[in-house]
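The values are calculated or read from the model by the stated rules, or taken from the named source; none is laboratory data. Being a predicted model, the structure only gives us computed values, none of them experimental. Here Cβ is always computed from backbone atoms with ideal geometry, including for glycine, and neighbour counts include all displayed protein chains.
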Amino acid sequence: MADRSDGSGRTLTLALAQIRIEPGNVDRNVELARRAIADAASRGADLVALPELFNVGYFAFDRYETHAESLEGETLTLLSDSAAEHGVAVLAGSIVEDLAATQTVETPAGEGLANTAVLFDANGKRTLVYRKHHLFGYESAESELLVPGERLETGVIGDTTVGVSTCYDLRFPELYRRLVDAGTDLVLVPSAWPYPRIEHWETLSRARAIENQCYVATINGSGEFEDATLLGRSTVYDPWGIVRASSGDDPALVLAEVDLEAVESVRSEFPALRDRRLS
């Protein structure tokens, strides 16, 4: 097995695209996402991850139904094309999915909307679909508007097994245990985390990395909505919980190496997962 950063060996170059999201301006937001993918690829990234609801904006609740798409819709088609064009894997952080319109993947309900992330490989092939399991109800319309996900899949980019969770999922550690039991080395967490909960954002993300001895990469948006401001701070944590790369609250492209040997060495040196008594 090669020891190189090209997505086919023991290391993988990860880019977190913290774009400034304009509420409801789907065309502009998708164009920013595509530019970020091109930029990341030119800088040697193997995998580019986008924020939660990067196209419509998480807090634009009144736009969800208008901009909902199937998994075969325009936004994901454009990102699949970008992945193939630039030869880089892409996590389409999430979109509002029209469940009734999706034809190619099993859905949790015959109708309604879901907060859905899709992972494409470097050929633009869809390799993972994740619908947000835990829907936020605290001063948010998400739990009223969306259907929760049920499936928990992993995908493989190079030799790295990738799992996905979304934003509020960070508060539910049992989901991450299921991912690590499925062999996950890296969990991508597309998010729309607002001020003022900076301490929660940082502490929960670091804890998920430490307790599961894997990489955790949190991809947040930047920008202001009518009732919220996204705090940015997209970050890559290693299996010790050490920050390997991070951003402020302005738009940024965060790059870091994901090293499978680090995952293996941490789990061997400090075998906490082996010592579990409960499951």
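Restricting attention to the stretch 90-97, does a residue exist that is of a type in the set (Gly, Ala, Ser), closer than 24 Å to Leu12 by Cα and part of a helix (DSSP H, G or I)?
no
For the stretch 199-207, the criterion of being under 20 Å from Leu47 (Cα atoms) and under 14 Å from the mean Cα position of the chain (by Cα) is met by at least one residue. Among the residues of the stretch 98-119, the one identified as crowded, with 20+ Cβ neighbours inside 10 Å, among the polar types (S, T, N, Q) and in a loop (DSSP other than H, G, I, E, B) is Thr107. Once the stretch 170-193 is narrowed to residues that are in a strand (DSSP E or B) and without any contact (Cβ under 8 Å) to a residue 60 or more places away in the chain, the residue that is surrounded by the most Cβ atoms within 10 Å (Cβ to Cβ) is Val189. Scanning the stretch 39-62 for residues being touching a His at 6+ places or on another chain (Cβ under 6 Å) and assigned to a helix (DSSP H, G or I) gives a total of 1. Of the strands (runs of 3 or more DSSP E) lying entirely inside the stretch 211-279, those carrying at least 1 residues that are more than 15 Å from the chain's Cα centre (by Cα) are 222-224, 229-231, 243-246, 252-259.
Summed over the stretch 133-158, residues that are touching a residue at least 60 places away in the same chain (Cβ under 8 Å) and touching a helix residue (DSSP H, G or I) at 6+ places or on another chain (Cβ under 7 Å) total 2. Assigned to a strand (DSSP E or B), closer than 23 Å to Ile21 by Cα, modelled with pLDDT of 95 or more and not small (Gly, Ala, Ser) - does that describe any residue in the stretch 196-204? The answer is no, given that none of the residues of the stretch 196-204 is assigned to a strand (DSSP E or B), closer than 23 Å to Ile21 by Cα, modelled with pLDDT of 95 or more and not small (Gly, Ala, Ser). Arg208 meets each of the listed conditions (1) in contact (Cβ under 8 Å) with a residue 40 or more places away in the chain; (2) surrounded by 24 or more Cβ atoms within 10 Å (Cβ to Cβ); (3) assigned to a helix (DSSP H, G or I) apart from (1).
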